[in-house]
1. Six or more apart or on different chains, Cβ atoms under 9 Å: show the pairs whose first residue is in the range 114-136 and more than 20 Å from ALA88 (Cα to Cα) and whose second is among the β-branched types (Val, Ile, Thr) and at pLDDT below 75.
2. Could you grab me the full set of residues in the range 140-167 that are free of Cβ contacts under 8 Å to residues at least 60 places away in the same chain and under 18 Å from LEU130 (Cα atoms)?
3. Would you please name the residue that is surrounded by the fewest Cβ atoms within 10 Å (Cβ to Cβ), looking only at residues in the range 1-29 that are within 16 Å of TRP80 (Cβ to Cβ) and at pLDDT 90 or above?
4. Within the range 122-158, how many residues are assigned to a helix (DSSP H, G or I) and among the hydroxyl-bearing types (Ser, Thr, Tyr)?
5. Being touching a residue at least 24 places away in the same chain (Cβ under 8 Å) and among the hydroxyl-bearing types (Ser, Thr, Tyr) is the filter; apply it to the range 33-55 and report the residue that is farthest from GLN128 (Cα to Cα).
6. Scan the range 142-172 residue by residue and report those that are among the aliphatic types (A, V, I, L, M) and within 20 Å of PHE77 (Cα to Cα).
7. Within the range 8-72, which helices (runs of 4 or more DSSP H) (wholly inside it) include 3 or more residues that are among the charged types (D, E, K, R) and under 20 Å from ASP91 (Cα atoms)?
8. It is to be established whether one or more residues within the range 54-61 are exposed (fewer than 14 other Cβ atoms within 10 Å of the Cβ) and either of a type in the set (Gly, Ala, Ser) or over 12 Å from the mean Cα position of the chain (by Cα) (or both).
Amino acid sequence: MPENPSINIENEESLNEIVNRAKRGDEVALEQMCRYLYKKLYSYVFYRVRHYEDAEEVTGEVVLKIVKNLKKQKGNFYAWIYKIAGNAVIDYFRRFNKKAETSYEDLRQERASEEKPKELLNIDRLKQGLAQLTKDQADVITLKYMQEYSNEEVARIMKRSVGAIKVLHYRAVRSLREYFKRMGYEIKD
């Protein structure tokens, strides 16, 4: 098989072109789409589940569901993939009978033998905070800060108005601040 030419996904328009080609059976486009989506969806899933390995597994499942159902996809592609990812995270917690809320003490005990770098500690704290939010609030925080989408893009993905996204964002940030303050974590403005 010849080398696959690199497909550059720079914006929604180029992604739509690749998705359409993948829907028509173009294997190169399908491979590039999967690589792109895996990277994009991993960070979304990572902040929702407890372990790196679980995030990899759930993300892999999400990409497989996307590929399996790609020809049936209609409407906003990003809204569709994030809906699949959100449902997969819910299924993850159901399947493994795990709680979305994780205590800091549980996390400390899991890695008691190793020293935890400050960055990992902050990620764990963020995961704990996100678990305290509603699903929509956690989605807004994840999409805006981890995925770096604008309010307009988040609104399209979540099928809400920009105003609704701003309200969700405000409430989510306020809830996170209150949670971190209750936990005694340092909050920098």
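The values are calculated or read from the model by the stated rules, or taken from the named source; none is laboratory data. Everything numeric in this text was worked out from a predicted model, so none of it was measured. Positions of Cβ are backbone-derived with ideal geometry, glycine not excepted, and every protein chain shown enters the neighbour counts.
1. ASP124/THR102
2. Restricting attention to the range 140-167, the residues satisfying the condition of being free of Cβ contacts under 8 Å to residues at least 60 places away in the same chain are 140-141, 144-145, 148-152, 154-155, 160-167.
Within the range 140-167, VAL140, ILE141, LYS144, TYR145, GLU148, TYR149, VAL154, ILE165, LYS166, VAL167 qualify.
3. Per the stated criteria, the residue is ASN20.
4. So the first thing to find is which residues in the range 122-158 are assigned to a helix (DSSP H, G or I), and the list is 122-132, 135-146, 151-158.
When the remaining residues are screened for being among the hydroxyl-bearing types (Ser, Thr, Tyr), the result is 142, 145.
Result for the range 122-158: 2.
5. Across the range 33-55, the extreme among qualifying residues is TYR36.
6. Within the range 142-172, the first condition is being among the aliphatic types (A, V, I, L, M), and the residues that meet it are 143, 146, 154-155, 157-158, 162, 164-165, 167-168, 172.
Across the range 142-172, the qualifying residues are LEU143, MET146, VAL154, ALA155, ILE157, MET158, VAL162, ILE165.
7. Details: elements: 12-23, 27-46, 52-69.
So the answer is 52-69.
8. Let us first name the residues in the range 54-61 that are exposed (fewer than 14 other Cβ atoms within 10 Å of the Cβ), namely none.
The answer is no; no qualifying residue exists.
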